[in-house]
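This report refers to the structure that appears directly beneath it.
What follows is calculated from the coordinates using simple rules that are stated; it is not laboratory data. Remember, it's a predicted structure, so these values are computed and weren't measured experimentally. Reconstructed Cβ throughout: ideal geometry from the backbone, glycine too, with neighbour counts over all protein chains shown.
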Amino acid sequence: MKKILDREELKRQVEAWRASDEKITLANGCFDLLHVGHIRYLRAAKQLGGRLVVAVNSDDSVRALKGKGRPLMPEEERAEILAALSDVDAVIIFSERDVRALVREIRPDIHAKGTNYTTESVPERKPPTECGRRVKILGHPKNHTPTETYRTRLEQRRS
């Protein structure tokens, strides 16, 4: 089965999983240079059970969120790397600033977010709770950001 799906393909796949009584967990992010924090977040999301769908911000969306010079890796490469992970069942690239529309479309049982959020600060918290779903904060404290990793590694090389 191909893992990188467009919106219509994802909707059909989610329907098929639901027909088999499988739960759906949605995780999302920029994933601009995959690091151990991302892996821990995605593994924790998968451990909630069922199928794990990962929504990846498009290049334009990352630029709008992170600023000029980002992303460092194009969206297709970020999606391909995520699709190669055994914990990930499907990947979709989305162009909006957040995944509210996608949450409304696929209605995941759980919307997993990283520890840089609280349940109250998740931008997309209303759509899941409106339809009887839940938001879950997962992963380890966010101390593995790409920005911090670059800074630390560059400083080490200069020493």
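Descriptive notes on the structure:
- Net charge of the neighbourhood of Q13, taken over other residues with C-beta under 13 Å away and scored Lys/Arg +1, Asp/Glu -1, is 0.
- Burial ranking of peptide ranges 106-112, 65-71, 32-38, 3-9 (average Cβ count within 10 Å, highest at the top): 106-112, 32-38, 3-9, 65-71
- Annotation: lysines with alpha-carbon distance below 20 angstrom to K136 (same-chain offsets under eight excluded): K23, K46, K113, K126.
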